[in-house]
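J.: Sharing a structure, written as structure tokens. Questions coming.
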Amino acid sequence: MSNEGALSAQIKGLLTQTMTKNFFILCRKILLSKDLEIPLFKKSGDSLFVKRGGRVEDSDGGFSLRR
Amino acid sequence: MDKLLKDLLLSDGISGYEENVGKIMTETLSKICDSVETDGFGNVIGKKGKGKKKIMIAAHMDEIGMVVKHVSEKGFIYFIKIGGINDPILMGKVVKIINKKGEHITGIIGTKPPHLMSEEERKVPVKFDNMFIDIGFSSREEVLKVIDIGDQIIFEPNAGILNGDFYYGKAADNRISCYAMAKVMEKLPKNIDAEIYACATAQEEVGLKGGKTSSFKLNPDFALVIDTTVAGDMPGIDPKTSDLKLGKGVAITMVEASGRGTIVPNKVRKIMIEAAKENNIAHQIDIIDGGMTDGAAIYINRDGILTGILSIPTRYIHAPSSVFNIKDVESAVELAIKTIEKIINNE
Ligand SMILES: [Zn+2]
């Protein structure tokens, strides 16, 4: 039996797998609506790299878009 | 204590490091099944019988544990956790670090004696990333001659009988179900009218991964997961949180993690309860708020795989040693067989 910690790992895994074009567009929309700089998304293997202002915000392949 | 059960409890295999426990499963299933293979992910899959229906039994073989992350200048070992471990449980424990040669290196998770703690420190539980393992060397160089960064760490192996039917052991979650699954395969008739797959899955504790890959590959008509669940018959647990008791039979799990895990289809619940009642098999019903099994990955795989879950009530899971009742393991075996027979004869 796996507990909640594993659950978040699973969700993270699922999110990584389901990062589709639509998902990218959604992220972009959210960031734009927050009046942030237009982020640059790049898909490399399973990981999502989010760049803003040329700086890598998060590159762990997960779903944590830090501001 | 049965030798296979003991060997499985004492064996090592945190998520992703299941080779040794996989070897025991391969050896065991080879004697019972028509064929056995280890797939690319590390799942061990035994096959028995011929027929139209494909039935998969799944029991995860990985255990929770730790991995060596860093060795300090002075030779103390820092680690990450693999699977759900409550940090305070780690303090002061004896662990084994398993090196590349397969040697078990004894270590102690060091603690600051209460004498040296400030009032504030005594109140706050220590977090795992502030803990370290002492293996009795004084420098990083010496330590790295014995172990490597990335080696697995397990709790000190232990297994035995407490009293009567009450057994204990490390990694009861989920080696007791690996044992039950092997017994099911052994007891199913050789000429059974279905393809039965016994799948000892890898990496369940870190995201139900082996259940996902193996069920995708097998694409069964029915999957039966065997795992442990949280027993409530100990001090500090309200019956409304868990009413499962050791010795009262295997639990038929219906809902996991308040629905974020498996919600077992009504059709399957009905078959399993009928199978238990018709054959007078001791059973309990498991509705759990905070945990899930491989079932949660299997039943949403492909276009939805019909899945049932048998859970063996266990005290102190995800701790260095757990307590279970061998009678519940036996009722899990019986109910698994009767459920499988019912599934084969259905429709
Ligand atoms: Zn577990």
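J.: Are any of the residues in the stretch B:234-245 hydroxyl-bearing (Ser, Thr, Tyr) and over 29 Å from B:Asn20 (Cβ atoms)?
T.: yes
J.: Just wondering, is there one or more residues in the stretch B:138-150 that are away from the ligand (no atom under 16 Å from the Cβ), of a type in the set (Lys, Arg) and without any contact (Cβ under 8 Å) to a residue 60 or more places away in the chain?
T.: The answer is yes, given that some residue of the stretch B:138-150 is away from the ligand (no atom under 16 Å from the Cβ), of a type in the set (Lys, Arg) and without any contact (Cβ under 8 Å) to a residue 60 or more places away in the chain.
J.: Turning to a different aspect of this structure: Might you check whether a residue that is at pLDDT 95 or above and assigned to a helix (DSSP H, G or I) occurs anywhere in the stretch B:90-97?
T.: yes
J.: Something else: Among the residues in the stretch B:32-51, are any farther than 16 Å from B:Ser214 by Cβ, outside the structural domain of B:Gly150 (by TED's automatic domain parsing) and without any contact (Cβ under 8 Å) to a residue 60 or more places away in the chain?
T.: Yes: one or more hits.
J.: Of everything in the stretch B:135-155, what is under 15 Å from B:Thr106 (Cα atoms) and basic (Lys, Arg)? Give them in sequence order.
T.: Across the stretch B:135-155, the qualifying residue is only B:Lys145.
J.: Can I ask one more? Can you pull out every residue in the stretch B:1-51 that is closer than 16 Å to B:Ala171 by Cα and small (Gly, Ala, Ser)?
T.: Hits for the stretch B:1-51 are B:Ser11, B:Gly13, B:Ser15, B:Gly16, B:Gly22.
J.: Being in contact with a helix residue (DSSP H, G or I) (Cβ under 7 Å, 6 or more places away or on another chain) and away from the ligand (no atom under 16 Å from the Cβ) is the filter here; which residues of the stretch B:213-244 pass it?
T.: B:Ser215, B:Phe222, B:Ala223, B:Leu224
J.: Answer with yes or no whether B:Gly164 is more than 14 Å from chain A (Cβ to nearest Cβ), free of Cβ contacts under 8 Å to residues at least 60 places away in the same chain, more than 15 Å from the chain's Cα centre (by Cα) and more than 18 Å from B:Leu29 (Cβ to Cβ).
T.: For B:Gly164, the condition - more than 14 Å from chain A (Cβ to nearest Cβ), free of Cβ contacts under 8 Å to residues at least 60 places away in the same chain, more than 15 Å from the chain's Cα centre (by Cα) and more than 18 Å from B:Leu29 (Cβ to Cβ) - is met.
J.: Still on this model: Can you name the residue in the stretch B:247-263 that is buried (at least 22 other Cβ atoms within 10 Å of the Cβ) and hydrophobic (A, V, I, L, M, F, W, C) and, of all such residues, is farthest from B:Arg315 (Cα to Cα)?
T.: This residue is B:Ile252.
J.: To continue, here is another question. Condition first: more than 17 Å from the chain's Cα centre (by Cα), crowded, with 21+ Cβ neighbours inside 10 Å and at pLDDT 95 or above. Can you find one or more residues in the stretch B:306-322 that meet it?
T.: Checked against the condition, which is being more than 17 Å from the chain's Cα centre (by Cα), crowded, with 21+ Cβ neighbours inside 10 Å and at pLDDT 95 or above, the stretch B:306-322 yields at least one hit.
J.: With the condition kept exactly as written, say whether any residue in the stretch B:278-293 is surrounded by fewer than 19 Cβ atoms within 10 Å (Cβ to Cβ), farther than 29 Å from B:Ser15 by Cα and of a type in the set (A, V, I, L, M).
T.: Scanning the stretch B:278-293 turns up at least one residue that is surrounded by fewer than 19 Cβ atoms within 10 Å (Cβ to Cβ), farther than 29 Å from B:Ser15 by Cα and of a type in the set (A, V, I, L, M).
J.: Given the residues B:Arg269, B:Arg302, which is the only one that is at pLDDT below 95, surrounded by fewer than 23 Cβ atoms within 10 Å (Cβ to Cβ) and more than 18 Å from the chain's Cα centre (by Cα)?
T.: So the residue among B:Arg269, B:Arg302 that is at pLDDT below 95, surrounded by fewer than 23 Cβ atoms within 10 Å (Cβ to Cβ) and more than 18 Å from the chain's Cα centre (by Cα) is B:Arg302.
J.: Which of (1) surrounded by 20 or more Cβ atoms within 10 Å (Cβ to Cβ); (2) hydroxyl-bearing (Ser, Thr, Tyr); (3) within 24 Å of B:Asn99 (Cα to Cα) does B:Thr28 not meet, given it meets every other one?
T.: Failed condition: (3).
J.: Follow-up question, since we're still on this one. Which residues, counting only those in the stretch B:213-254, are in a helix (DSSP H, G or I), within 14 Å of another protein chain (Cβ to nearest Cβ) and in contact with a Phe, Trp or Tyr (Cβ under 9 Å, 6 or more places away or on another chain)?
T.: Passing the criteria: only B:Thr213.
J.: Okay, next question. Restricting attention to strands (runs of 3 or more DSSP E) lying wholly within the stretch B:265-347, give those where 3 or more residues are more than 14 Å from every other protein chain (Cβ to nearest Cβ) and under 25 Å from B:Asp238 (Cβ atoms).
T.: Fully inside the stretch B:265-347 and qualifying: B:283-287.
J.: Sort through B:Lys190, B:Lys209, B:Lys183 and tell me the only one that's exposed (fewer than 15 other Cβ atoms within 10 Å of the Cβ), of a type in the set (Lys, Arg) and more than 17 Å from B:Pro320 (Cβ to Cβ).
T.: From the options B:Lys190, B:Lys209, B:Lys183, the qualifying one is B:Lys190.
The values are calculated or read from the model by the stated rules, or taken from the named source; none is laboratory data. It should be emphasised that the depicted structure is a prediction, and the values quoted were computed from it without experimental measurement. Reconstructed Cβ throughout: ideal geometry from the backbone, glycine too, with neighbour counts over all protein chains shown.
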